[in-house]
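The values are calculated or read from the model by the stated rules, or taken from the named source; none is laboratory data. Remember, predicted model here, so these are calculated numbers, not experimental data. We place every Cβ from the backbone using ideal geometry, glycine too, and count neighbours over all the protein chains shown.
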Amino acid sequence: MILKKIKILCCFLIFATILFGEERGEKKIKIGIGYSGRSYDPHKHTDSATLGITKQIYSNLFCLNENGDIENELVDSYSINSAGEIQIKLKKNIVFHDGEELDSEIVKKSLERNMEIPITKVLVEPIKDIVILDKYNFKIVSRYNPKIILNNLTHSSLAIVKEISNKNLVGTGPFKLKEWKNGEKVILYKNKDYFKGEPKVDVLEFVTIPEASNRYIALETGEIQIAYDLASIDVASTKNRKDIKIVSKLSYGTDFLSINTQRAPLNNIEIRKAIKYAINKEAINEVVFENTAEVAKSILTPNTYGYFKNKEEAKDCLEEARNIIKNYGEAVSIELWVYDDSTKYQMAQVIQANLKDIGIDVKIQTLELSTFLQLTAQGEHDTLIGLWYASTGDADYGLYPLLHDSSKGAVGNRSFYNNKEVNKLLDEARIESSPKERLAKYKRVQEIVEDENPVIPLVHKMYHIGLNNNIKNFKFNPNGNHILENIQVN
């Protein structure tokens, strides 16, 4: 009887090995993220939660390295002729996830698709025309300085996609989409035909864990192997741990206060000046980030082309801020909107206390992210705390969507700011061929914004990423779309 049971058990184990062996032998990495990706369509979104996932599915013509230099991705070579046209040669034998080879026609259709989508249209606006020369060669005719186009083409929202019959998308990236559950998880599996070589990991699973503390706990317990965007307090607690390592680096992002310049009393430049004078950025860095962030002197980060460090404020500005509010003649009360994020709420609390000190009453409103984005695009807010990435590494994308009159609303200008000189400078900088003159224009824009305060930069975002010690070849990306194509788990 015992022998018979052993035989039955052995048969079951053999059957289970045949049935489940491949799955049990899969190399899988689970990644904890704070926000759900909004969809697998990179052209319709610019948030880092979405693009951090879609970057693994789709490839760009170009990419930025950690130093902000442009590198070829789908491109074999390129040149810029005397007319400012970018002549591009594609790499051969790159296939999409459905098996079709990448060619010039598909690239053109993909970029033209961006032109029809408002949120990413600003990135392709510098392109006047795309002329196909043959299967692998085409040229981009530029309206502006071709450097802007090259940097914009590195943005993950300009990934090259191919639409298939049922309106789904496929890419050429290292991983294919298996499952996308909004609010829960996204599962990707490796692309064995990836043009840079087959990934070493079979499955990537992105798990939505909204609270940073819970992401850290999941990393501690081994539930996940990578945790994006950890809180500073959790980073400090890993110092003596040997099973967890932390990557902490400056991003292209800046947390900022955006002020709706169309709503009274915030349409008053003196009120906005008082708000700036009152905000204690050092306190935000200390209280919220435990001094691990970098106090911002510009909406651009120091690693962005065109960055200019604005002048230091005098130390007696707080008293001037009190006098401005006192002389205004009536009570000032505003709402400060944040999306559902503990760090943003803590920042709002510091600002609330700062403004109370000068006589401004602040009511904090917390909204779900999609509602926050929708209502602020319509200008329903007084002020908000936002996070802006100059994801292309260039000042054009860092400033134009946030400050140009044509970008009001969903594109980025949620301060509804309109300054004719700023508009003119940003337009001129796009066509300026001299790097020196272009930088001078961006410097002037930042000086004007420092005086008029439609946006008040608070801190430059530091990325804190927790990795299980058995994770190898994780590649940090300052725009938040970290590169996982070579990642390994031991």
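Taken together, the residues in region 118-149 that are out of contact with any strand residue (DSSP E or B) (no Cβ under 7 Å at 6 or more places or on another chain) and hydroxyl-bearing (Ser, Thr, Tyr) amount to 2. Please tell me if Lys147 is among the basic types (Lys, Arg), surrounded by 20 or more Cβ atoms within 10 Å (Cβ to Cβ) and closer than 26 Å to Arg430 by Cβ. Yes.
Here Ile149 meets each of (1) within 30 Å of Ile127 (Cα to Cα); (2) in a loop (DSSP other than H, G, I, E, B); (3) aliphatic (A, V, I, L, M) with one exception, condition (2). Every listed requirement among (1) touching a strand residue (DSSP E or B) at 6+ places or on another chain (Cβ under 8 Å); (2) surrounded by fewer than 18 Cβ atoms within 10 Å (Cβ to Cβ); (3) among the aliphatic types (A, V, I, L, M) is met by Ala236 save one, (1). Checking Val124, Val107, Val131 one by one, the residue that is surrounded by fewer than 16 Cβ atoms within 10 Å (Cβ to Cβ) and of a type in the set (Val, Ile, Thr) is Val131 and no other. Mind checking whether some residue in region 23-37 is more than 21 Å from Lys475 (Cβ to Cβ), modelled with pLDDT under 85 and in a helix (DSSP H, G or I)? Yes, that holds for at least one residue.
Answer with yes or no whether Glu485 is among the acidic types (Asp, Glu), outside the structural domain of Ile334 (by TED's automatic domain parsing) and part of a loop (DSSP other than H, G, I, E, B). Against the criterion (among the acidic types (Asp, Glu), outside the structural domain of Ile334 (by TED's automatic domain parsing) and part of a loop (DSSP other than H, G, I, E, B)), Glu485 qualifies. Of note, Ile465 does not satisfy the criterion of being more than 22 Å from Glu26 (Cα to Cα), among the β-branched types (Val, Ile, Thr), without any contact (Cβ under 8 Å) to a residue 40 or more places away in the chain and in contact with an Asp or Glu (Cβ under 9 Å, 6 or more places away or on another chain).
Filtering region 79-120 to residues that are farther than 28 Å from Glu198 by Cβ and among the polar types (S, T, N, Q) leaves Ser79, Asn81, Ser82, Gln87, Asn114, Thr120. For region 341-352, a residue qualifies if it is touching a residue at least 40 places away in the same chain (Cβ under 8 Å) and surrounded by 19 or more Cβ atoms within 10 Å (Cβ to Cβ), and the qualifying residues are Asp341, Thr343, Lys344, Met347, Val350, Ile351. Every test in (1) farther than 24 Å from His482 by Cα; (2) crowded, with 20+ Cβ neighbours inside 10 Å; (3) not aliphatic (A, V, I, L, M) is passed by Phe289 save one, and that test is (1).
When Ile448 is tested against (1) part of a helix (DSSP H, G or I); (2) touching a Lys or Arg at 6+ places or on another chain (Cβ under 8 Å); (3) not hydroxyl-bearing (Ser, Thr, Tyr), just one condition goes unmet, and that condition is (2). Of all residues in region 331-340, those that are charged (D, E, K, R) and touching a residue at least 60 places away in the same chain (Cβ under 8 Å) total 1. Within region 181-201, the set of residues being exposed (fewer than 15 other Cβ atoms within 10 Å of the Cβ) and outside any loop (DSSP other than H, G, I, E, B) comprises just one member, Lys181. Scanning region 35-83 for residues that are buried (at least 22 other Cβ atoms within 10 Å of the Cβ), within 24 Å of Arg215 (Cβ to Cβ) and not hydroxyl-bearing (Ser, Thr, Tyr) returns Gly37, Pro42, Leu51, Gly52, Ile53, Lys55, Gln56, Ile57.
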